[in-house]
Amino acid sequence: MKYYQKEIQLQPHKRGFHLITDFVLNVIPEINEINIGQLQVFIKHTSASLTINENADYTVRTDFESHFNILVPENAKYFKHTYEGLDDMPAHIKASLLGASVQIPITNGELNLGIWQGIYLCEHRDYGGARTIVVTAFGA
């Protein structure tokens with residue numbers, strides 16, 4: 001078994017859904033040494049998340065942002081946790097809905113994603129800043 005792990009900081013992204021697949025692949029080229037294994041990407045934040053979805057048409061990412069803003073509105077009167085602004089509690093809820101990690105099979109040194117799949121950084125804050133992710137690849 002081989003194990004590789006890197007903790008890296010992503011540049012700040014504006015609020016929305018952003019493809020980071022190529023960035024992840026560039027920071028952990030050791031994937032090429034694994035024939036059968038897994039890649040886990042974990043984000044160390046509570047107001048941003050990760051998911052896997054459409055990697056070709058950018059309107060999918062725009063539609064995700066639009067829908068999540070309807071699903072979890074910012075001005076809900078019942079939110080108490082608004083210390084960092086109106087996007088504070090909605091960002092936490094959105095992050096919990098999508099999750100803090102994704103796991104992808106590695107097959108013959110490559111991510112075994114579907115043809116139209118990519119890894120998204122989901123930035124739920126207006127000014128989230130740089131985000132830290134931990135990328136772990138393991139396998140034989």
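The values are calculated or read from the model by the stated rules, or taken from the named source; none is laboratory data. Everything numeric here is computed off the predicted structure, so don't read it as measured data. FYI the Cβ positions are ideal-geometry reconstructions off the backbone, even for glycines, and counts take in every protein chain you see. When the accessible area is computed, the model is the full protein with side chains, heavy atoms only, and any ligands, DNA or RNA have been set aside. Shrake-Rupley method; radii C 1.70, N 1.55, O 1.52, S 1.80 Å.
Residues that are polar (S, T, N, Q), within 28 Å of residue 26 (Cβ to Cβ) and in a loop (DSSP other than H, G, I, E, B) within region 82-114 comprise 108, 112, listed in sequence order.
Here's the yes/no breakdown for (1) modelled with pLDDT under 95; (2) in contact with a helix residue (DSSP H, G or I) (Cβ under 8 Å, 6 or more places away or on another chain); (3) assigned to a helix (DSSP H, G or I):
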position: 17; (1), (2), (3): no, yes, no
position: 22; (1), (2), (3): no, no, yes
position: 52; (1), (2), (3): no, no, no
position: 62; (1), (2), (3): no, no, yes
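From the list 80, 2, 6, the one residue that fits, being farther than 28 Å from residue 115 by Cβ, charged (D, E, K, R) and surrounded by fewer than 17 Cβ atoms within 10 Å (Cβ to Cβ), is 80.
Listed here are the residues, each with its yes/no results for (1) over 26 Å from residue 138 (Cα atoms); (2) of a type in the set (A, V, I, L, M, F, W, C); (3) over 18 Å from the mean Cα position of the chain (by Cα).
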{"position": "16", "(1), (2), (3)": "yes, no, no"}
{"position": "51", "(1), (2), (3)": "no, no, no"}
{"position": "55", "(1), (2), (3)": "no, no, no"}
{"position": "76", "(1), (2), (3)": "yes, yes, yes"}
{"position": "84", "(1), (2), (3)": "yes, no, yes"}
{"position": "94", "(1), (2), (3)": "yes, no, no"}
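Take the conditions (1) touching a strand residue (DSSP E or B) at 6+ places or on another chain (Cβ under 9 Å); (2) open to solvent by 60 Å² or more (accessible area, probe 1.4 Å); residue 27 misses just one of them, which is (2).
The residue that is surrounded by the fewest Cβ atoms within 10 Å (Cβ to Cβ), among those in region 100-129 that are out of contact with any Phe, Trp or Tyr (no Cβ under 8 Å at 6 or more places or on another chain) and farther than 17 Å from residue 21 by Cα, is 108. On the given criteria, is residue 128 of a type outside the set (Lys, Arg) and either without any contact (Cβ under 8 Å) to a residue 40 or more places away in the chain or in a loop (DSSP other than H, G, I, E, B) (or both)? Considered against the rule, which asks whether it is of a type outside the set (Lys, Arg) and either without any contact (Cβ under 8 Å) to a residue 40 or more places away in the chain or in a loop (DSSP other than H, G, I, E, B) (or both), residue 128 comes out as yes.
In region 13-22, which residues are open to solvent by 80 Å² or more (accessible area, probe 1.4 Å) and in contact with a strand residue (DSSP E or B) (Cβ under 8 Å, 6 or more places away or on another chain)?
Within region 13-22, the subset open to solvent by 80 Å² or more (accessible area, probe 1.4 Å) is 14, 22.
Once the filter is applied, which keeps residues that are open to solvent by 80 Å² or more (accessible area, probe 1.4 Å) and in contact with a strand residue (DSSP E or B) (Cβ under 8 Å, 6 or more places away or on another chain), region 13-22 yields only 14.
Listed by first and then second residue, the pairs with beta-carbon distance under 6 Å, at least 6 apart or on different chains, first residue in region 55-77 and within 14 Å of residue 121 (Cβ to Cβ), second at pLDDT 95 or above and assigned to a loop (DSSP other than H, G, I, E, B), are 55/116.
I'd like the full set of residues that are of a type in the set (Val, Ile, Thr), within 30 Å of residue 126 (Cα to Cα) and buried (at least 19 other Cβ atoms within 10 Å of the Cβ), limited to region 30-54.
Filtering region 30-54 down to residues of a type in the set (Val, Ile, Thr) leaves 31, 34, 36, 41, 43, 46, 51-52.
Add one more test, that the residue is within 30 Å of residue 126 (Cα to Cα), and what stays is 41, 43, 46, 51-52.
Once the filter is applied, which keeps residues that are of a type in the set (Val, Ile, Thr), within 30 Å of residue 126 (Cα to Cα) and buried (at least 19 other Cβ atoms within 10 Å of the Cβ), region 30-54 yields 41, 43.
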